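The values are calculated or read from the model by the stated rules, or taken from the named source; none is laboratory data. The structure displayed is predicted, hence computed values, not measured ones. For neighbour counting, all protein chains shown are included, and Cβ atoms are generated from backbone atoms with ideal geometry for every residue, glycine included. Each accessible area value is taken on the protein alone, full model and side chains, heavy atoms only, with ligands, DNA and RNA left out. Shrake-Rupley method; radii C 1.70, N 1.55, O 1.52, S 1.80 Å.
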Amino acid sequence: MRTPKNKIGIIGGGIGGLTMALMLKRNKIDFKLFEKSNEFKEVGAGIGISSNALKIFDKLKIGNEIREKGHLIKKTILATEKLKVLKEVPFPEEVYAIHRASIIDTISNKLDKNSFELNKELESIENDEIVKVNFKDNTTFEFNTLIASDGINSTIRKFIFPEIEVRKTHQIVWRGITDFEIDSDLKHTYYELFEGTLRFLFLPISDTKIFWLAVQEKKNFNKDLSSSLKGYLLKTYQNFDQKILEMLSKTDENSILENEMADIKPNYKNWFSKNTVFIGDSIHATTPNLGQGACQAIEDAYVLGLCLKSNSKATFSNYQNLRLKKVEYVVKQSWKIGKMSLTKNSVQTKILYLLLKYLPKSQYQKRFKRLIDIEYINEIENTTANRVARRGN
């Protein structure tokens, strides 16, 4: 058995786990992070990073580096499949589109080499006063605290909360990135197109690359085994604007990611058990309809880090209480949007178009402002700073 001196173990080297590691490093708290892959990586996926996450990255001294690697998005356009504009909504605060790998690289490069281990796939855990972590390479580590950041299909959650199940949306989602000629109309804009049981979303992640996401109801997914995925998508989206077909045509088929969209229904009692605590998708996975999955994991990591720094007996419950209300809002709203966005007939489609067109911009921005609000974090930090100042006097 190998028992390191680290007090805290982190399982999972995605955006949430790496942000957690950087937060602990900045606060001089010992930790060890474990990632099952042989490198920190994200394949073929773009992401939107809104100001709540960017402000946290600013606090961690990497915000400007993230901005430099990303692409500023100034507005959302909701449209029909033919790119007929239904609603144009400016973002009230900054949003950047970026390849997930760029965030992974930025954070991992800030960590000390001895603070993480790769090729460490979890076998089991024993969650007690000391958490024992067993890996498939027959190594074992012990920690006072274990932080689970191992995604929506979390192995740790299956051990500790086996009753929590992943909730399927019965929608198939495809993601891809392709080189594309980005004109002035596309340059700083996030587009979302609707057509019956189909949706198509796209936005630039650089001056030359587009990230796209396509959604179809699972029951309508009838790809012939002999046909290519790209061929299926081109046929399925054949009624969409020529720009969409061009994006699909230019995408390398081997880089297209396919999943069934899912989340975790927010009816959980706790985000922790004994000395193991969960962050991000491992406990509150959300559908991508609000673009907040990674952003909420980043908030989790920062808030949990603040709570760990305070060294309270109620660290985990304080963390959950600070985060629960916002996360539940995100998960519920994102699920609702996903259900409303796919329509079954022309009448429902017309109703959806009317809702999108005539709902006041202020309502879209009100929701967005609720998503990006991190004033509660600033209040925690100000309270802590004042307490320290009083002690100094």
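Of all the strands (runs of 3 or more DSSP E) wholly in the range 52-137, which have at least 1 residues that are over 30 Å from Gln242 (Cβ atoms), of a type outside the set (S, T, N, Q) and modelled with pLDDT of 95 or more?
85-99, 122-127, 131-135
Yes or no, residue by residue, for (1) in a helix (DSSP H, G or I); (2) over 19 Å from Tyr268 (Cα atoms); (3) open to solvent by 30 Å² or more (accessible area, probe 1.4 Å); (4) touching a residue at least 60 places away in the same chain (Cβ under 8 Å):
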{"position": "Gly305", "(1), (2), (3), (4)": "yes, yes, no, yes"}
{"position": "Phe316", "(1), (2), (3), (4)": "yes, no, no, no"}
{"position": "Tyr319", "(1), (2), (3), (4)": "yes, no, no, no"}
{"position": "Ser362", "(1), (2), (3), (4)": "yes, yes, yes, no"}
{"position": "Tyr376", "(1), (2), (3), (4)": "yes, yes, yes, no"}
{"position": "Glu381", "(1), (2), (3), (4)": "yes, yes, yes, yes"}
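When the residues of the range 187-218 are filtered to those that are among the aromatic types (Phe, Trp, Tyr) and more than 18 Å from the chain's Cα centre (by Cα), which remaining residue is farthest from Ser346 (Cα to Cα)?
Looking only at the range 187-218, we keep the residues that are among the aromatic types (Phe, Trp, Tyr), and these are 190-191, 194, 200, 202, 211-212.
Adding the requirement that they be more than 18 Å from the chain's Cα centre (by Cα) leaves 191, 194, 200.
Details: Tyr191: 22, Phe194: 12, Phe200: 18 Å.
The qualifying residue farthest from Ser346 (Cα to Cα) is Tyr191.
Just name the residue that is nearest to Lys274 (Cα to Cα) out of those in the range 291-324 that are of a type in the set (D, E, K, R) and at pLDDT below 95.
Within the range 291-324, the match that is nearest to Lys274 (Cα to Cα) is Lys313.
Tell me, which residue of the range 173-186 that is open to solvent by 10 Å² or more (accessible area, probe 1.4 Å) and under 23 Å from the mean Cα position of the chain (by Cα) is farthest from Asn153 (Cα to Cα)?
It comes out as Ile177.
Which numbered condition trips up Ala262, out of (1) farther than 30 Å from Asn144 by Cα; (2) part of a helix (DSSP H, G or I); (3) under 15 Å from the mean Cα position of the chain (by Cα)?
Failed condition: (2).
So how many residues does the range 91-126 have that are within 22 Å of Thr155 (Cβ to Cβ) and crowded, with 18+ Cβ neighbours inside 10 Å?
Selection size over the range 91-126: 7.
In the range 205-242, what residues are open to solvent by less than 60 Å² (accessible area, probe 1.4 Å), out of contact with any Asp or Glu (no Cβ under 7 Å at 6 or more places or on another chain) and assigned to a helix (DSSP H, G or I)?
Within the range 205-242, Asn220, Gly231, Tyr232, Leu233, Leu234, Thr236 meet the criteria.
Take the range 64-81 and flag every residue that is touching a residue at least 60 places away in the same chain (Cβ under 8 Å), surrounded by 13 or more Cβ atoms within 10 Å (Cβ to Cβ) and among the basic types (Lys, Arg).
Selection gives Lys75 alone.
Residues to consider are Lys269, Lys309; find the one that is basic (Lys, Arg), in a helix (DSSP H, G or I) and surrounded by fewer than 24 Cβ atoms within 10 Å (Cβ to Cβ).
Lys309
Does Phe141 qualify as being among the aromatic types (Phe, Trp, Tyr), open to solvent by less than 10 Å² (accessible area, probe 1.4 Å) and in contact with a Ser or Thr (Cβ under 8 Å, 6 or more places away or on another chain)?
So Phe141 fits the description; yes.
Kindly indicate the residue of the range 144-164 that is in contact (Cβ under 8 Å) with a residue 60 or more places away in the chain and part of a loop (DSSP other than H, G, I, E, B) and also most open to solvent (accessible area, probe 1.4 Å) among those meeting that condition.
Asn144
Of a type outside the set (Gly, Ala, Ser), surrounded by fewer than 20 Cβ atoms within 10 Å (Cβ to Cβ) and not in a helix (DSSP H, G or I): is that true of Lys32 in this structure? Please lay out each step first, then the result.
Values: of a type outside the set (Gly, Ala, Ser): yes; surrounded by fewer than 20 Cβ atoms within 10 Å (Cβ to Cβ): no; not in a helix (DSSP H, G or I): yes.
The answer is no for Lys32.
With the structure loaded, tell me whether Lys357 is over 15 Å from Leu198 (Cα atoms) and without any contact (Cβ under 8 Å) to a residue 24 or more places away in the chain or whether it fails that test.
Details: over 15 Å from Leu198 (Cα atoms): yes; without any contact (Cβ under 8 Å) to a residue 24 or more places away in the chain: no.
No: the conditions fail for Lys357.
Could you list, in sequence order, the residues of the range 165-200 that are in contact (Cβ under 8 Å) with a residue 60 or more places away in the chain, over 30 Å from Ile264 (Cα atoms) and β-branched (Val, Ile, Thr)?
Thr178
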